[in-house]
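A short write-up of the structure that comes next.
The values are calculated or read from the model by the stated rules, or taken from the named source; none is laboratory data. All values derive from a computational prediction rather than experimental measurement. Backbone-built Cβ (ideal geometry, glycine too); neighbour counts: all protein chains shown.
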Amino acid sequence: MAVLTSIPAYVMSCFRLPKSLIAEINSILAGFWWVGNNERRCLQWKSWSFLCRPKSLGGMGFRCLASFNSTLLAKQAWRLVSRPDSLVAVVFRARSLSLCWSSIFSSRETISRGSRISVGSGSSIRIWTDHWLLRPSSFRVLAPRPARMTPKFVSDLLLPSGRGWDADLISSLFPLVDVALILSIPLGRGSLGDRWVWHYSISGLFLVRSAYHLIHLSDGPSASGGPLGWNFIWKAVVPPHIRVFL
C-alpha cells in the first residue's frame, strides 16, 4: 500500500489527477487492505474515506490521495507566492495556460486558508483585504471598511517612529476583538519588510504535513464519539493487531 500511494507522488506535485483515476487507485488499495489482493470482490466493512481519517478520529490514518494531491500542488503554489522573482515563477507566469499551471493555481484556496503576511514595515499590507491578523482560517479584520477616509496600509496604523502600534487610532477603527489581535502582533524591524509565512509552522515555512491535515480535516466529516476514546484504544498496551481489530 505504501508503494502504490508513493508511485504517483511526483506526478501529483505537478498535475491534479482525475477523480476517476484516484477512485481506481483507492479501489485497489481497499481491495488489498480487506483481502490482501485485488483479484476478487470482498465485503468492505468501512468506506475508504473512513479509513483515511486520522486514528484519533476513528480511522486508520491511511493517506487520502485527493487531499495529498492538493497538498503537493499547494507546496508548488507556496514556492511561487513566497519567491515571486524566482525563475520558475517567471516561467509559470509567462505560460499561464499550461495544464501544470492550472493545476497549481487550483490549490490557491489551500494557500489562502493557511498563510498570512508577517508584518515588517507594513507598507505593502492592505488593512481591509490582506491576510495579516493572527486569526486562523480568515486572517482578516472583522470590521467592515468605514465609508469615510481611513488608513489603507498597515504602516498607517503604526506610530510615526514605526516602533509600535498607534493604540488610539486602532481603537477608533476596529472592534475590541480586532484591537486585541492587532496589538498582540510583534513588530520586527521595518527594514526586514513584509513577508508571507505559513501560519501552522513555527518557522513560517510551508509544511506538507500541516497542509495535508488542514485540507483533509476540513473536507472530511468528524467521527462520532470524540477523539478521547480512540486515543485510549490506540495507546492501549496490547499487541498491534488487537488495536486494529478494536
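Things to note:
- A Cβ distance below 8 Å, combined with a sequence gap of six or more or placement on separate chains, defines the contacts here; from region 72-87, residues that are part of a loop (DSSP other than H, G, I, E, B) reach no residue that is β-branched (Val, Ile, Thr).
- Per-region count, region 118-129, residues buried (at least 16 other Cβ atoms within 10 Å of the Cβ) and not in a loop (DSSP other than H, G, I, E, B): 1
- Any hit, region 173-183, residues being in contact with a strand residue (DSSP E or B) (Cβ under 9 Å, 6 or more places away or on another chain), more than 24 Å from SER67 (Cα to Cα) and part of a loop (DSSP other than H, G, I, E, B): no
- Test: TRP132 is free of Cβ contacts under 8 Å to residues at least 12 places away in the same chain and either surrounded by 15 or more Cβ atoms within 10 Å (Cβ to Cβ) or in contact with a helix residue (DSSP H, G or I) (Cβ under 8 Å, 6 or more places away or on another chain) (or both): no
- TYR10 passes every criterion in (1) buried (at least 18 other Cβ atoms within 10 Å of the Cβ); (2) modelled with pLDDT of 85 or more apart from (1).
- Subset tally (residues that are surrounded by 18 or more Cβ atoms within 10 Å (Cβ to Cβ), of a type in the set (Ser, Thr, Tyr) and either touching a Pro at 6+ places or on another chain (Cβ under 7 Å) or assigned to a helix (DSSP H, G or I) (or both)) for region 97-107: 1
- Cβ-Cβ under 6 Å pairs, at least 6 apart or on other chains, region 44-65 side within 14 Å of GLY31 (Cβ to Cβ), far side small (Gly, Ala, Ser) and not in a loop (DSSP other than H, G, I, E, B): GLN44/ALA30; TRP48/ALA30
- Hits in region 161-209 - residues which are under 22 Å from SER123 (Cβ atoms), within 23 Å of the chain's Cα centre (by Cα) and among the β-branched types (Val, Ile, Thr): ILE182, ILE185, VAL197
- Candidate set from region 51-65 (those that are surrounded by 21 or more Cβ atoms within 10 Å (Cβ to Cβ) and touching a His at 6+ places or on another chain (Cβ under 9 Å)); member that is nearest to SER218 (Cα to Cα): ARG53
- Residues within region 197-246 that are modelled with pLDDT of 70 or more and within 30 Å of ILE111 (Cα to Cα), tallied: 22
- Filter pass, TRP78 being surrounded by 13 or more Cβ atoms within 10 Å (Cβ to Cβ), under 17 Å from the mean Cα position of the chain (by Cα), at negative phi and aromatic (Phe, Trp, Tyr): yes
- Condition check for SER115: under 17 Å from LYS75 (Cβ atoms) and either crowded, with 19+ Cβ neighbours inside 10 Å or touching a strand residue (DSSP E or B) at 6+ places or on another chain (Cβ under 8 Å) (or both): yes
- Hits in region 147-162 - residues which are among the hydroxyl-bearing types (Ser, Thr, Tyr), surrounded by 13 or more Cβ atoms within 10 Å (Cβ to Cβ) and either touching a Ser or Thr at 6+ places or on another chain (Cβ under 7 Å) or under 11 Å from LEU187 (Cβ atoms) (or both): SER155
- Among the residues examined, ARG135 does not qualify as assigned to a loop (DSSP other than H, G, I, E, B), of a type in the set (D, E, K, R) and touching a Phe, Trp or Tyr at 6+ places or on another chain (Cβ under 8 Å).
- Of all residues in region 184-196 being part of a helix (DSSP H, G or I) and exposed (fewer than 15 other Cβ atoms within 10 Å of the Cβ), the one that is modelled with the lowest pLDDT: SER191
- Condition met for ALA94 (more than 30 Å from SER47 (Cα to Cα), exposed (fewer than 15 other Cβ atoms within 10 Å of the Cβ) and of a type in the set (A, V, I, L, M, F, W, C)): yes
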